[in-house]
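Participant: Supplied in structure tokens, the structure appears directly below.
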Amino acid sequence: MASSLASPSPTSSFIRNKKDLGFSAFPSTSQIAIQKCKKQISKKIVSVMAPQQSERKPATTGSVKTGMTMTEKILAKASEKPQLSPGDNVWVNVDILMTHDVCGPGSIGIFKKEFGQNAKWLNSLTVYYHSVLKVWDREKIVIIPDHYIFTSDERANRNVDILRDFCTEQNIKYFYDIKDLSNFKANPDYKGVCHVALAQEGHCRPGEVTNLYQNY
């Protein structure tokens, strides 16, 4: 009986004799397709993988060493300080000071009484001169009578008169007065409610310090 032994095919012999069964075991045309596939896979992986970001740290250059909130930055600039932290007390240069016919007369009375007739108010600091008492900047003060202008009460009207006298004496640039109550259109200087007029007339600007003399 003759026995038959199947001889291995050339392909199986080729693979068995190869030590590396990687991509090199395929024909050249297949290797080109594999290389394109590898490039496409690499591109896809790169597109979904974000580089690891290092922890953000405060700036190490300049005078500011730690981060500040927006309010702290505004007050630091107004007080001419490089850094502010919660709990700090500072003197600031006020950009706009506004008052009205409720709190204005009382503030004017204290201003004249406490600083004397020969003083000039300069950012809450008193400097003495031989001239009449003056505010530190007539263009940074905004006075708007809007509370007692609709009443016939003499004491209430007196508050508005105090504002008028003070603005005339100090030559205040932004005094939004009302004189003819019967016709609001006849009062080009009157701007309405003080809190609204302050913004509408451009007295509130980003990054500035506005101080309102209020009773609350």
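The values are calculated or read from the model by the stated rules, or taken from the named source; none is laboratory data. Please read all numbers here as calculations on a predicted model, not as lab measurements. Using ideal geometry, Cβ is built from the backbone for each residue, glycine included, and neighbour counts are taken over all protein chains shown. Just so you know, the surface numbers come from the protein's heavy atoms only, side chains and all, with ligands and any DNA or RNA stripped out. Shrake-Rupley method; radii C 1.70, N 1.55, O 1.52, S 1.80 Å.
Participant: Taking a label point 7 Å from the Cα of V90 along the Cα→Cβ vector, which residues of segment 175-216 have an amide N closer than 15 Å to it?
Facilitator: 207-210, by backbone N distance to the label point.
Participant: Another question about this same structure. Set the Förster radius R0 to 22 Å, insert the Cβ-Cβ distance between K112 and D177 as r into 1/(1 + (r/R0)^6), and round the FRET efficiency to 0.05. Before the final figure, lay out the partial values.
Facilitator: Values: r = 21 Å, r/R0 = 0.94.
Given R0 = 22 Å and the Cβ-Cβ separation, E is 0.60.
Participant: Same structure, new question: With every protein chain kept in the model, how would you rank K81, K73, K179 by accessible area, 1.4 Å probe, largest at the top? Don't skip to the answer; put the middle values down first.
Facilitator: Details: K81 95, K73 120, K179 165 Å².
The most accessible residue leads, giving K179, K73, K81.
Participant: If each residue of separation counts as 0.36 nm, what is the full-extension length gain between D137 and Y213 once their alpha-carbon separation is subtracted? Write out the running numbers ahead of the final one.
Facilitator: Numbers: separation 76, 0.36 × 76 = 27.36 nm, distance 1.62 nm.
Full-extension gain reported as 25.7 nm.
Participant: Could you rank T69, T168, T99 by how accessible they are, 1.4 Å probe, largest area first? Let's see the in-between values first.
Facilitator: Details: T69 75, T168 115, T99 15 Å².
Ranked from most to least accessible, the order is T168, T69, T99.
Participant: For C103, what accessible surface area do you get with a 1.4 Å probe? Give it in Å², rounded to 10.
Facilitator: So the heavy atoms of C103 present about 20 Å² to solvent.
Participant: Another one. What do you reckon, how do V160, V94 stack up by accessible area (1.4 Å probe), largest on top?
Facilitator: The ranking, largest first, comes out as V94, V160.
Participant: Related question: At a probe size of 1.4 Å, how large is the accessible area of E80, to the nearest 10 Å²?
Facilitator: Roll a 1.4 Å probe over it and E80 shows about 150 Å².
Participant: Mind scanning K134/K179; K134/K191; K73/K140; K140/K191; K73/K112; K81/K191 and naming the pairs with a C-alpha gap bigger than 27 Å? Each step should come with its number before you reach the end.
Facilitator: Working: K134/K179 25 Å; K134/K191 25 Å; K73/K140 21 Å; K140/K191 17 Å; K73/K112 33 Å; K81/K191 36 Å.
From the list (K134/K179; K134/K191; K73/K140; K140/K191; K73/K112; K81/K191), the Cα-Cα distance tops 27 Å for K73/K112; K81/K191.
Participant: How much length is gained if the chain between A199 and M70 is pulled fully straight, taking 0.36 nm per residue apart and subtracting their Cα-Cα distance, in nm to one decimal?
Facilitator: On the way: separation 129, 0.36 × 129 = 46.44 nm, distance 1.96 nm.
Length gained between A199 and M70: 44.5 nm.
Participant: For q values of 0.14, 0.17 Å⁻¹, compute log₁₀ I(q)/I(0) with the Debye formula on a Cα-only model of segment 142-216, without solvent.
Facilitator: -0.49, -0.72
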